[in-house]
Every structure is written in C-alpha cells, then in structure tokens.
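A.B. asks: Structure in structure tokens, see below.
The values are calculated or read from the model by the stated rules, or taken from the named source; none is laboratory data. None of these values were measured; they are calculated from a predicted model. Glycine also receives a Cβ, built like all others from the backbone with ideal geometry; neighbour counts cover every protein chain displayed.
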Amino acid sequence: MEGTIAERRLRARGGGSAVNSPHEDSFREFVEGSWHRLLRTAYLLTGDHGAAEDLVQTALMRTYRHWNRIVAYEAPESYVRRVMVNANISAWRRRKAVVHVMAEPPEPPAGGPGGSGDHQDTYALRDELWRAVCAMSPRMRTAFVLRYFEDLTEAEVAAVMGCAVGTVKSQIARGLTKLRGDLQADRTRAHQSDQAEGRAR
C-alpha cells in the first residue's frame with residue numbers, strides 16, 4: 001500500500017494486506033480525510049503528542065484489518081474513535097499511572113476573539129481548563145473530551161465508550177464538579193500568591 005505517511009507506518013507496524021484491492025482507495029481516502037481529526041481526539045485523550053500518534057496508528061491498524069466489514073456496515077470514524085477510547089483506557093490500566101498534565105492545550109477552532117488582550121485571557125482560561133481536564137481519571141476525561149471538545153451527544157458518547165447514557169451523564173456531572181473545584185483552588189492559590197507578592201514590595 002502506497003500513499004500517506006500514516007499508511008506506510010501502518011504497514012510497517014503489521015497492518016498487513018487484509019483489505020481487498022477494491023477497497024484500498026476507500027481506506028486511503030479515509031486515512032487522508034480523518035487523520036488530523038483523529039489525531040486531535042487522541043491528543044485530547046492522552047495529553048501527549050507521541051502517545052496520540054501511536055494511539056491513532058494502533059486504531060487504524062486494527063480498523064484496516066477489518067476494513068471490508070467496517071466500511072460496509074459502520075461509520076468508520078466512529079469505529080476508530082471507539083477503538084482509540086478502549087485502547088487508551090486499557091493502556092492506562094496496564095500502566096497504573098496517574099495521567100500527567102501537559103503544558104500545551106489543544107488549539108481552539110478558528111475565528112476566536114480578535115483582540116490581543118482578549119486572546120491572552122482566552123488562552124489563559126483554555127490552558128487552565130485543559131490542565132484540569134488532564135487531571136481527571138481516564139474514563140471521566142474520555143466522557144468529558146468526547147462531549148465538550150468533540151461535541152458529541154450523550155448518546156454518541158455512550159456508543160463510543162460502550163456504556164449506558166446514564167453512565168456518561170454521571171461521569172460528566174462528576175467531571176464538572178471536579179473541574180469547578182480545581183479551577184477554584186487554582187484561582188485561590190493565584191490570589192494568595194498575588195497578595196504575598198504585594199506585601200513583599
């Protein structure tokens with residue numbers, strides 16, 4: 001399989017040649033058209049650029065093996081998202097590690113505030129929110145990312161995560177409570193730091 005860098009990496013990692021030739025073009029078009037969206041989702045899930053790329057490649061490799069069936073009966077991008085979610089949670093469980101906070105939040109959509117001051121304030125708030133999201137447990141973070149960053153409905157999030165809608169609602173509600181608490185704690189610390197600096201002058 002020739003074509004994109006992503007496709008060559010998939011083949012190098014063992015993607016094989018399970019796709020019959022009539023579907024080669026459709027898979028290539030799918031990878032080219034969805035790569036950046038999938039990579040953004042993976043980064044939101046993992047908080048790490050390298051891990052995000054590995055996650056997308058792993059998910060696409062598994063998708064490629066069953067492409068004939070997936071393209072005929074399912075929405076391929078939803079399928080890949082579901083594979084990424086499951087693979088990321090499984091990897092986290094194996095590592096038994098706390099998800100670390102990345103300093104670089106994802107880029108916002110185009111067309112944000114125009115003024116430089118507004119832009120700085122918006123970026124600071126986005127950075128604060130991103131750090132709080134990264135501190136969530138993987139399952140809570142997944143629900144939060146899919147609902148608010150990817151703009152899926154609760155039913156769509158439940159389908160991707162393979163759980164009930166009620167579970168999604170519970171995870172999101174707990175996530176919002178944690179988010180509010182974390183943001184308030186950060187602002188309290190910042191206020192106390194400003195007061196200490198003022199007294200020191």
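A.B. asks: Which condition breaks for Lys96 when tested against (1) out of contact with any Ser or Thr (no Cβ under 9 Å at 6 or more places or on another chain); (2) basic (Lys, Arg); (3) at pLDDT 90 or above?
C.D. replies: That leaves (3) as the condition not met.
A.B. asks: Out of all the residues in the range 113-131, is one or more in contact with a His (Cβ under 7 Å, 6 or more places away or on another chain) and at pLDDT below 80?
C.D. replies: Yes, the range 113-131 contains a residue that is in contact with a His (Cβ under 7 Å, 6 or more places away or on another chain) and at pLDDT below 80.
A.B. asks: Every residue in the range 62-93 that is crowded, with 16+ Cβ neighbours inside 10 Å, of a type in the set (A, V, I, L, M, F, W, C) and at pLDDT 80 or above, please.
C.D. replies: Selection gives Trp67, Ile70, Val71, Val80, Val83, Met84, Val85, Ala87, Ile89.
A.B. asks: Which one of these is more than 23 Å from Ser78 (Cβ to Cβ) and either surrounded by 12 or more Cβ atoms within 10 Å (Cβ to Cβ) or modelled with pLDDT of 60 or more (or both): Gly162, Gly181?
C.D. replies: Going through Gly162, Gly181 in turn, the sole match is Gly181.
A.B. asks: Taking the range 30-72, which residues are farther than 24 Å from Trp130 by Cβ and not in a helix (DSSP H, G or I)?
C.D. replies: His66
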